[in-house]
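The block underneath contains the structure these notes are about, expressed in structure tokens.
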Amino acid sequence: MINETFVASTPKGAYEQAVEKYGNIDLSIVSARQLRYDDGHLRAEVVIAVPKELFMERSFGEAVTNTKSSSEEEALMDEIGELKAQLDEMKDEIIGVAPHNSVTEEVRKLFIKKGIASAWLDNILSTLVGTPLIEDASLLVSYLLEEIDETLQVKEEELDHPKVIMLVGPTGVGKTTTIAKLAARYAYLLERPYKVALINLDSYKVGAVEQLAHYADIMQIEHFAVSTPEAFQERIEALEGYDIILVDTAGMSPYDTHKFVKTVEFVKSETNRELEVHMVLAATVKYEDMADIYENFSFLNLDSVIISKFDETKHFGTLLNFMLLYKLPMSYFSIGQEVPDDLLVASKEYLLEQFIGDVHEG
């Protein structure tokens, strides 16, 4: 497969470029993101995976043969391997990580075992060479935890002006339940009650509309189901007197092109109020999947991540590692199934407490 990048002002436009080139085949989105170019403008980049033969045909008009001989390829691979070995050796020298039996290496191994990336650890440890910290395991662990605390980001709960809060994310992470918890919090559990409405965009999942409508009826909150960006925009305008509009979206695989493009259309709708997009991510997901999920949802201009399913794991290193590397602010933690009780405003202290308990077990 060949990865080809298409660039446009919107993700829909970039995807349409790919369709124009390759036709209505089942195009696989490798990644999608939004970048600010040197001219100051935001542009969407969509990377599509296409078969090599099709890429060559549509790009050059005919198959292009590889002119390099096998011996040339082997020589090139040997050279690349040698360069990689040299780079690894230079990296070890620069990082200055202590021998395997040292305090530093033991602490490093512990944090890696608990899910923290070696690259992040080595970057921190490289600054400690020659200091007393690398000789004392307790001090070194404390220092690394302080560095983690400083790196983590939290999005403060700001309800001082009307807004639309849209939840996005993969299937099965608990978006609908989280929406219900947020609705109850805003409408009943804060110092003053906020006027809340619910909108459901999920026309795919069987029972999705009914589930959110059930929560809405219990809480006596207005609930609406819409299926098009035009209807969504009209409904937002009609709810002008509401403080907070919570929007539930269809759960999707990060590789589900159709649902992804449709969700982008809703996010890009022009409304008369601020639109925040929060990605719901389960604490139980493995790191590789977290990275794929983020890469594909990130160019919805995510404002924060809401962590769900805290109650389904005791190991938080992978989640912590994701938050360290991608530096996406956390807004809420969903710690159980009870509505509305099992929802917390995100805090570094709570997440670190879970991780420290896991480290101590190590």
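The values are calculated or read from the model by the stated rules, or taken from the named source; none is laboratory data. The model shown is predicted, which means the values in this text are computed figures rather than measured ones. Neighbour counts run over all protein chains shown; Cβ positions are idealised from the backbone, glycine included. What goes into the accessible areas is simple: the full protein's heavy atoms, side chains included, and nothing from ligands, DNA or RNA. Shrake-Rupley method; radii C 1.70, N 1.55, O 1.52, S 1.80 Å.
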HIS223 long-range amide H proximity, modeled H, under 5 Å: LEU198
5 angstrom amide H check on SER28, placed H, neighbours 5+ away: ALA49
Stretch gain in nm, segment LYS12-LEU128, where the contour uses 0.36 nm per residue and the Cα spacing is subtracted: 37.1 nm
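How much accessible area per residue does region 102-151 have, counting only protein heavy atoms and a probe of 1.4 Å, in square angstrom? Walk me through the numbers on the way to the answer.
On the way: 2440 Å² over 50 residues.
Value for region 102-151: 49 Å² per residue.
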Estimated vicinal HN-Hα couplings, Hz - region 218-226 in sequence order (Karplus 6.51, -1.76, 1.60; Gly, Pro = x): 4, 8, 6, 10, 4, 9, 9, 10, 10
Phi to ³J(HN,Hα) by Karplus 6.51 cos²θ - 1.76 cosθ + 1.60 over region 299-316, Hz, x for Gly, Pro: 8, 8, 6, 5, 8, 6, 10, 9, 8, 10, 6, 4, 7, 9, 8, 10, 10, 10
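All other residues with a Cβ under 12 Å from the Cβ of VAL345 taken together, and with Lys, Arg as +1 and Asp, Glu as -1, what is their net charge?
On the way: positive: LYS155, LYS181, ARG185, LYS348; negative: GLU156, GLU157, GLU158, GLU349.
Around VAL345, the surrounding residues sum to 0.
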Bins of 5 Å from zero: percent of alpha-carbon pairs in region 256-352: 2, 11, 22, 23, 18, 14, 8, 2, 0
Anisotropy class of region 102-151 from Cα gyration tensor, a/c 1.5 cut: rounded
From phi via Karplus (6.51, -1.76, 1.60), per-residue ³J(HN,Hα) for region 280-289 in Hz, x at Gly/Pro: 8, 10, 6, 5, 8, 6, 6, 4, 4, 6
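Please arrange ASP311, ASP289, ASP243 by accessible surface area, largest first, computed with a 1.4 Å probe and ligands excluded.
On the way: ASP311 80, ASP289 60, ASP243 40 Å².
Solvent-accessible surface, decreasing: ASP311, ASP289, ASP243.
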FRET efficiency, LYS113 to ILE2 (Cβ-Cβ, R0 41 Å, nearest 0.05): 0.65
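To the nearest 0.05, what FRET efficiency results for SER298 and TYR188 with a Förster distance of 41 Å applied to their C-beta separation? Write out the running numbers ahead of the final one.
Values: r = 33 Å, r/R0 = 0.80.
E between SER298 and TYR188, to the nearest 0.05, is 0.80.
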Accessible surface of THR127 - all protein chains present, 1.4 Å probe, nearest 10 Å²: 90 Å²
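What do you reckon, how do LEU121, LEU190 stack up by accessible area (1.4 Å probe), largest on top?
Output order, biggest surface exposure first: LEU190, LEU121.
Considering Cα pairs under 8 angstrom that are at least six residues apart, work out the relative contact order of region 163-361 and quote it in whole percent.
Numbers: 338 pairs, mean separation 50.9, N = 199.
Normalised by residue count, the contact order of region 163-361 is 26 percent.
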Total formal charge among the other residues, if their Cβ is under 14 angstrom from that of TYR287, Lys/Arg +1 and Asp/Glu -1: -1
Inter-label distance, nm, simple model (7 Å from Cα along the C-beta direction), GLU20/ALA49: 2.6 nm
Whole-percent carbon and sulfur share, accessible surface of region 263-362, 1.4 Å: 43 percent
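Where does each of HIS223, HIS161, HIS278 land when they are ordered by accessible area, with a 1.4 Å probe and the largest first? Before the final figure, lay out each step's value.
Numbers: HIS223 40, HIS161 70, HIS278 10 Å².
Largest accessible area first, the list is HIS161, HIS223, HIS278.
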